[in-house]
Amino acid sequence: MTAEIDRRPALRDAADAARYAPSIHNTQPWKWTVHPDRLELHAVTGRQLAVQDPDGHMLLLSCGAALHHARVALAAAGWQVRVERPAGDPLAVLHADRQGAADPAAVELFEQVKARHTDRRTVGDTPLAPAVLDDLVAATERAGARLHLVGRDQLIDLAVIVERAQKTESADERLQEEIAEWVGGERSGGTGIPAANLPAGLPLTTVQERDFGTAGTLPVGEGHDSAATYAVLYGTGDDRVEWLRAGEALNALWVAATAHGAGVLPLSSPIEVGYTRLELRRLIGDLGAPYLVLRLGVLNEASTKPSGTPRLPVDQVIDEAP
Ligand SMILES: Cc1cc2nc3c(=O)[nH]c(=O)nc-3n(C[C@H](O)[C@H](O)[C@H](O)COP(=O)(O)O)c2cc1C
């Protein structure tokens with residue numbers, strides 16, 4: 001009987017929810033095609049950062065995050081979802097196999113998906129509890145990647161790696177020009193990071209945040225990052241499917257963090273610069289391929305919360321199959 005249900009409205013809703021996924025510089029480099037029986041995810045190379053991300057690694061992480069958003073949205077509507085990840089185009093195919101009663105845990109997860117955002121303010125003074133960190137490690141592993149928590153003894157090494165990567169990127173004029181296309185100002189096109197979401201000045205932290213080369217208007221707070229926990233998202237290899245899965249895991253851990261009132265700030269520079277990525281690999285004891293550095297911490301409620309970043313309109317990210 002269920003085979004006769006038109007799945008298009010549910011699939012369209014899931015693709016719509018996925019518009020709010022995080023993406024590198026809010027490029028939203030994805031497009032969905034809604035078929036009567038399935039939802040396909042495609043990468044949009046026209047919104048790939050050609051200079052900063054020539055291999056499309058950050059694009060794949062972003063698309064993976066969008067895929068996870070769509071999966072959670074379908075599960076919250078009671079659908080049992082099957083995911084195929086062909087190595088080429090489409091990047092992924094979602095099949096909504098059967099609909100039943102929505103699992104309350106999935107509904108709760110979807111609430112966190114909607115609440116998730118990037119917060120570049122300094123973190124609060126209380127470190128995340130070990131049980132919360134354990135939960136984030138477990139959420140990452142369930143989603144198919146791994147999380148290395150950087151110990152106090154490795155913090156300075158990490159700070160040096162991040163600083164070197166930032167210096168390399170800051171010295172690259174073409175890369176800075178590309179960033180300027182996506183970051184700063186009012187952003188009327190539905191993409192990019194508005195000034196309101198960028199720190200008014202870079203906070204004084206041990207591990208520096210990305211310097212976008214343009215100051216914003218977000219008050220970052222008085223704090224430091226001394227109570228932050230840094231982590232490296234990593235996995236077994238470097239093929240496209242592994243990067244896509246890492247994006248799904250990134251979102252799974254981000255949503256779990258949101259449920260705990262914890263903030264996640266990705267730092268991608270040390271992954272984008274070849275030699276610092278190698279240094280990161282050594283930092284995690286050669287356990288696997290590093291995909292992203294993350295700052296985890298209790299959100300700083302003392303200062304104003306940043307407003308949401310813009311999103312592309314539906315017709316630019318969702319197609320209906322004829
Ligand atoms: C793969 C990836 C890499 C990112 N790298 C950085 C980064 O280096 N620095 C930063 O401040 N934000 C980074 N972000 C956060 C994005 O800028 C953010 O997701 C986007 O602007 C949308 O905003 P939102 O997360 O608040 O919805 C990254 C996000 C993703 C998915």
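The values are calculated or read from the model by the stated rules, or taken from the named source; none is laboratory data. Because the structure is predicted, anything quoted here is derived from the model rather than measured. The area values use the complete protein model at the heavy-atom level, side chains included, leaving out ligands, DNA and RNA. Shrake-Rupley method; radii C 1.70, N 1.55, O 1.52, S 1.80 Å.
How much accessible surface area, in Å² rounded to 10, belongs to the heavy atoms of Asp135 with a 1.4 Å probe?
My reading of the accessible area for Asp135 is about 60 Å².
With θ set to phi - 60° and the Karplus curve 6.51 cos²θ - 1.76 cosθ + 1.60, what are the ³J(HN,Hα) couplings of the range 62-71 in order, to the nearest whole Hz, using x for Gly and Pro?
5, 5, x, 5, 5, 4, 5, 4, 5, 4
In what order, largest first, do Arg12, Arg152, Arg121, Arg277 sit by accessible area if the probe radius is 1.4 Å?
Numbers: Arg12 90, Arg152 160, Arg121 5, Arg277 40 Å².
Solvent-accessible surface, decreasing: Arg152, Arg12, Arg277, Arg121.
Considering amide H positions built from the backbone, and no H for Pro or chain starts, which residues 5 or more places from Ile318, or on another chain, come under 5 Å of its amide H?
Trp32
For a quick check of understanding: with a 1.4 angstrom probe and all protein chains in place, what accessible area in square angstrom does Glu248 have, to the nearest ten?
Counting only protein heavy atoms, the figure is 0 Å².
Using Cα pairs closer than 8 Å and at least 6 residues apart in sequence, work out the relative contact order for the range 130-298, in percent. Mind showing how you got there, number by number?
Numbers: 270 pairs, mean separation 50.7, N = 169.
Computed value for the range 130-298: 30 percent relative contact order.
Using Cα pairs closer than 8 Å and at least 6 residues apart in sequence, work out the relative contact order for the chain, in percent. Each step should come with its number before you reach the end.
Working: 673 pairs, mean separation 79.6, N = 322.
Relative contact order, the chain: 25 percent.
Restricting things to alpha carbons, tell me how big the range 130-298 is in terms of Rg and Dmax, in Å.
For the range 130-298, the Cα radius of gyration and maximum Cα-Cα distance read 15.9, 44 Å.
Which whole-Hz couplings ³J(HN,Hα) result when phi for each residue of the range 256-267 is put into the Karplus expression 6.51 cos²θ - 1.76 cosθ + 1.60, θ = phi - 60°, listed in order with x for Gly and Pro?
So the Karplus estimates, Gly and Pro as x, are 4, 5, 4, 4, 8, x, 9, x, 10, 10, x, 10 Hz.
Rounded to the nearest 10 Å², what accessible area does Ser269 have for a 1.4 Å probe in the complete protein model?
Accessible surface of Ser269 is approximately 10 Å².
Ordered by residue, what ³J(HN,Hα) values in Hz, to whole numbers, does the range 179-194 give under the Karplus form 6.51 cos²θ - 1.76 cosθ + 1.60, where θ = phi - 60° and Gly and Pro are x?
Calculated HN-Hα couplings, in order: 4, 4, 5, 10, 10, x, x, 8, 6, 8, x, x, 10, x, 10, x Hz.
If His57, His69 are ordered by their accessible area, calculated over protein heavy atoms with a 1.4 Å probe, which sequence runs from highest to lowest?
Working: His57 40, His69 0 Å².
Of His57, His69, the descending order of accessible area is His57, His69.
Between Ala246, Ala145, Ala106, where does the largest GNM mean-square fluctuation fall for the chain, given springs only between Cα atoms within less than 10 Å?
Ala106
Accessible area, 1.4 Å probe, largest first: how do Asp37, Asp53 sort? Please list the in-between numbers first.
Values: Asp37 80, Asp53 10 Å².
Highest to lowest solvent-accessible surface, that is Asp37, Asp53.
Binned at 10 Å from 0, what are the whole-percent values of the Cα-Cα distance distribution for the chain, short to long?
Bin by bin from 0 Å, the calculated values are 6, 27, 37, 23, 7, 1, 0.
If amide hydrogens are placed 1.01 Å from N in the peptide plane, which non-local residues have theirs closer than 5 Å to the one on Leu267?
Val293, Leu294, Arg295
Amide H neighbours of Thr206 under 5 Å, counting only residues 5+ apart in sequence or on other chains, H built in-plane at 1.01 Å?
Asp225
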